[in-house]
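These notes concern the structure reproduced below.
The values are calculated or read from the model by the stated rules, or taken from the named source; none is laboratory data. Treat the numbers as computed from the prediction; the structure is a model and nothing was measured. Reconstructed Cβ throughout: ideal geometry from the backbone, glycine too, with neighbour counts over all protein chains shown.
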Amino acid sequence: MSLSTLPLRWGVVGLGGFVRSQIAPAMRRAGAIITACATRDLEDARRFAADFAVPRAHETVEALADDPEVDAVFVATPNGEHRRAVIAAARAGKHVLCEKPLALSLEDAAAMQQACEAAGVLLRMGLQFRLEEALLHIRAVIATGEIGNPLMLDIERNSGLDQPGAWRRERAKGGSILYDTGVHLLDLVAWLLGDEWRSLYALGHRGRADDSEDSLSILGRMAQGCQSVIRISREAPFGNNALTIMGTKGLIRTGPLRLAAEHVVTVTTAAGGTERRFAPTDLYGREIAAFSAEVRSRSAVLPTGEDGVRLVGMALAVLRSLDAGEAVALL
C-alpha cells in the first residue's frame, strides 16, 4: 500500500519536554505512528521509546533518516542544530516537518530548503498559529475588504516564564524570545494581512538572561502601508494575548488568544458589530494532520521551506535593529 492510504510513519529527532508533552501526544491524536526516535543520548532515546511505544531508538539523526520504516521526520532539536537533521532526512528521501526557526543563518536555511527541493521531499515549518480557527476567520475577513485597507495592527503574546533548556538563554543558539515566539508573530502578521514586512525597529529587554532578549517590541511597516506592532515576553507573568486591527472601514478586535476557554472575535463597521466565538484549536494535532495531508496531495497549507528562509531573514533583521538601535529596511 502507498502513502496515500496508510498513516505516515514518523521519526522524531530531538526528544525534549516539548516533544514529550506536545508533539508525541498530538501525533497520537492525529492518527500518526511514531516508528523511530533519535537523540544523542541513546539511553534517553530508549526511555522515550519505552514511554511512547516506539519500536526503534537511534543515537544519530542519520541512522533515523536511513530507517526504512520512517516516511517523515519531525525535527525538534535545539534551533541551531536543525540543518544536520533536515539535510540527513532529505538525503534519505524523507519528508520533513521542522520546528521554527528553520535555521539561525540564511546560509543554513537556504541549504536546507535546497536539499529538500533537490530530493523532491516536502519541507514544512512548525508555525501552527496559522491553523487557529479564530485567526483563519480574521484572515478571511481582511481578505474580503470588510474593514477596508488595514492601517494599524497590534498583537501581544506572553510565553511561559520557566521554559527548560540552557540553550534558550543564549542568543547565538537561538534562545531569545525572538525565536520562542517572535518568529511566530512575524510570520502571522504577514500571513493575516496578505502582505510583506518592509521595515522594522526593535527594542528588547534582557531579564534573567545575559545574552538573549526576554521581552521584545517590534514596530514595522508593511508593503501596503499597515503599521504593525508586536509585543512579546517570557518574563511578564500576565498579558492580554490579544489582537487588534484597524482599517479604513472597520475594526477587528479579539479577546485573549492564549490560555482562554474560547476565542472571541469582534468586527465593527459602519453597518454595526458582529461577534464570533471559537473553541481553541488543537494546533499541534491539526499541524500533524495537515502535514500528512500535504504529503498525499502535495498542497501547501503549512509554511514552506521558502517561507522558512524568508522568516530567517526577518529574524536576522530584528537582531540587527536590536544591536544597532535603529530601523532596518527589508527588500
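Numbers below:
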| quantity | calculated |
| --- | --- |
| Odd one out for G225 among (1) at pLDDT 95 or above; (2) farther than 29 Å from V328 by Cα; (3) surrounded by fewer than 18 Cβ atoms within 10 Å (Cβ to Cβ); (4) not hydroxyl-bearing (S, T, Y) | (2) |
| Those residues of the range 244-258 which are part of a loop (DSSP other than H, G, I, E, B) and surrounded by 21 or more Cβ atoms within 10 Å (Cβ to Cβ), in sequence order | L257 |
| Selected residue [touching a Cys at 6+ places or on another chain (Cβ under 7 Å) and of a type outside the set (K, R)] from A50, A24, A38, A57 | A57 |
| Checklist (1) out of contact with any Ser or Thr (no Cβ under 9 Å at 6 or more places or on another chain); (2) at pLDDT 95 or above applied to P164, failing item | (2) |
| Residues within the range 65-84 that are more than 18 Å from V309 (Cα to Cα) and assigned to a helix (DSSP H, G or I), tallied | 1 |
| Boolean, D51 is farther than 28 Å from S105 by Cβ, of a type outside the set (G, A, S) and crowded, with 17+ Cβ neighbours inside 10 Å | no |
| Complete set of residues in the range 199-218 that are surrounded by 15 or more Cβ atoms within 10 Å (Cβ to Cβ) and under 30 Å from G148 (Cβ atoms) | S199, L200, Y201, A202, L216, S217, I218 |
| Enumeration of residues in the range 224-243 that are outside any loop (DSSP other than H, G, I, E, B), under 27 Å from G207 (Cα atoms) and not hydrophobic (A, V, I, L, M, F, W, C) | S228, R231, S233 |
| Members of the range 167-192 found to be closer than 15 Å to D154 by Cα, over 12 Å from the mean Cα position of the chain (by Cα) and crowded, with 22+ Cβ neighbours inside 10 Å, listed by number | V189, L192 |
| Selection within the range 90-144 - small (G, A, S) and within 21 Å of A172 (Cα to Cα) | A103, S105, A109, A110, A111, G126 |
| Qualifying residue in the range 96-104 (condition: of a type in the set (D, E), outside the structural domain of Y179 (by TED's automatic domain parsing) and not in a strand (DSSP E or B)) | no |
| Pairs with Cβ under 6 Å, 6+ apart, first in the range 84-109 and touching a residue at least 12 places away in the same chain (Cβ under 8 Å), second among the acidic types (D, E) | A88/E62; A92/D66 |
| Candidate set from the range 232-243 (those that are surrounded by 18 or more Cβ atoms within 10 Å (Cβ to Cβ) and in contact with a Gly (Cβ under 8 Å, 6 or more places away or on another chain)); member that is farthest from T181 (Cα to Cα) | A242 |
| Residues of the range 194-223 satisfying the condition of being part of a loop (DSSP other than H, G, I, E, B) and either on the phi > 0 side of the Ramachandran plot or not small (G, A, S) (or both) | G194, D195, E196, R206, R208, D210, E213, D214 |
| Count of residues meeting criterion [crowded, with 19+ Cβ neighbours inside 10 Å, among the aliphatic types (A, V, I, L, M) and over 17 Å from the mean Cα position of the chain (by Cα)] in the range 135-154 | 5 |
| Pairs, first of a type in the set (D, E) in the range 214-238, second not in a loop (DSSP other than H, G, I, E, B), C-beta under 7 Å, six or more apart | D214/I177; D214/H205; D214/S233; E235/S215 |
| Residue in the range 277-297 that is assigned to a loop (DSSP other than H, G, I, E, B), among the polar types (S, T, N, Q) and either touching a residue at least 40 places away in the same chain (Cβ under 8 Å) or surrounded by 13 or more Cβ atoms within 10 Å (Cβ to Cβ) (or both) present | yes |
| Which listed residue, of T35, T60, T39, is crowded, with 23+ Cβ neighbours inside 10 Å and not aliphatic (A, V, I, L, M) | T39 |
